[in-house]
1. Could you work out the local net charge near residue 102, counting Lys and Arg as +1, Asp and Glu as -1, over the other residues with Cβ closer than 14 Å to its Cβ?
2. Just want to confirm a number: the relative contact order over the chain, from Cα pairs under 8 angstrom separated by 6+ residues, in percent.
3. Please compute the modelled spin-label separation between residue 286 and residue 305, points set 7 Å along Cα→Cβ, answer in nm with one decimal.
4. Which entry is the computed semi-axes √(5λ) of the Cα gyration tensor in Å for this structure: (1) 44, 25, 18; (2) 41, 22, 19; (3) 33, 26, 22?
5. Taking K and R as +1 and D and E as -1, what net charge do the other residues with C-beta under 12 Å from the C-beta of residue 202 add up to?
6. For the chain, what is the calculated [θ] at 222 nm in deg cm²/dmol (nearest 500), taking -39500 (n - 2.57) for each run of four or more DSSP H residues and dividing by its residue count?
7. Going by the alpha-carbon gyration tensor, a ≥ b ≥ c the square roots of its eigenvalues, is the range 181-225 rounded (a/c under 1.5) or, if a/c is not under 1.5, prolate (a/b greater than b/c) versus oblate?
8. At most 14 other C-beta atoms within 10 Å and a DSSP loop state: those are the exposed GluC sites (Glu not before Pro) I care about. Give me the longest piece of the chain that has none.
Amino acid sequence: MSNILISIIIATKDRYSTLVECVKSLSKNYNNEKVELIIHDNSDNVDTEVISYIRKSFQFVNYYSCTLPLSQSENYNKGLEKARGYYVTMIGDDDTIADGLFNLLNLMYKYDLDAIYSGFSTYYWPGIKLRFNNLNTQISIPKNKVTNQILDPQFLQSLCLRNGCTELGLLPRLYYGIIKRTCLIELKNAAGTFFPGPSPDMANAFSASFFIKKYWHISYPIFIAGNSPSSAAGLGLQGRHVGAIEKMNFISDYTKRNWNIFIPKFWSGETIWAQSVYEACLKSGFEKLFEKNNFLKLYAKCLVFHFSFRSLIFNSFKAYNRNSNIIGKIDNINKILFYIILFINKRAVYFFINRVKMLNPFAQKKQSNQSASFFSIHDAERLVSVNVSSNNNFFAVCER
């Protein structure tokens, strides 16, 4: 029987500069026999010097590589297949985890939880240009508040479908969350993979929810989501994480062949998450569940944020509307217009709030001081560790 308490999975490809810093940061708190860090590398050209350094310097690292073409989900799937920990979590190669992970694991063990999600802090790597912030680096930590919610994963699936599968919401997840490995094995036995969809985070979160019974959400943001210039999150912030499906080499042929006709066929966060839920339902044996998806909300959001792809959006809407009578078609158009107004209002409020922050001289001074003090992911990790540990009675209150 393995003595490993948790496996941390990182799937990487051609991003050694952030990977090395990520491993260094994790080693500060987790380079011991209770933790294994599994790195699965799909780089086209493996940097043997970097890998040799990582292997020699950090005892908790297990490194694997595969130079054959893999999708993002396939890359993570191969990494997760190597896991031996009782619990599993997953992060990107520009992320890290602050001190406090064992506190979450003790809570999971004490209450026999299948999964826990504690939220996350955000770190912007140098080179990221924020739309409402001229600074090159920034750390964002959620307000330190004590929350403890016992949630029903199947109810959270229904909320996800109600939102057109455009939001993860509070779904249990591997990405910045923790799941018991036995639940993940159940998922693989049913779906044939741990990640039954093109987007690893949504595909796993939605499908794992079929097999998770006892799930908690608490506010303890020790996971630090890194946004580096070449990452999916970083490209999204720069408006570059969108494009034609045919040009995305990291999407599997299966997904390209089996794209749902009701989902606009272009790459964006919204469309790839919807397709991931579709494939998760299909492969897990719950295909009919996807019929409850709110496609109209998906179309509205795509029109607001990706109007240049309007022809593909309208093609999917026509396919969805094909069997509706005239009254149903008019009703669907009205619903889309309603959702468009909601999204535009939300975007306007977001723009206004951030514009006010930019014009606030006190906020600018605070951000400038912060930028000078916390410019690396190691600084971000130290700041988050101090922040979450400042509330010493967190878990005592949380368990009440």
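No value in this document is a laboratory result; all are computed from the given coordinates. Keep in mind it's a predicted model, so treat the numbers as computed, not measured. All Cβ positions, even for glycine, are placed from backbone atoms using ideal geometry, and neighbour counts span all protein chains on display.
1. Values: positive: 28, 34, 110; negative: 33, 99.
After counting each charged neighbour, the total is +1.
2. Numbers: 726 pairs, mean separation 77.5, N = 400.
Once divided by the residue count of the chain, the mean separation gives 19 percent.
3. According to this spin-label approximation, the distance is 2.3 nm.
4. Of the listed options (1) 44, 25, 18; (2) 41, 22, 19; (3) 33, 26, 22, (3) comes from this structure.
5. Values: positive: 173; negative: 167, 201, 270, 279.
Net charge in that neighbourhood comes out at -3.
6. On the way: 16 runs with 189 residues, N = 400.
Value at 222 nm, helices only, nearest 500: -14500 deg cm²/dmol.
7. Values: a/c = 2.55, a/b = 1.47, b/c = 1.73.
It comes out oblate by the Cα gyration axes.
8. On the way: sites that count: 33, 81, 399.
Longest site-free region, per DSSP loop and neighbour criteria: 82-398.
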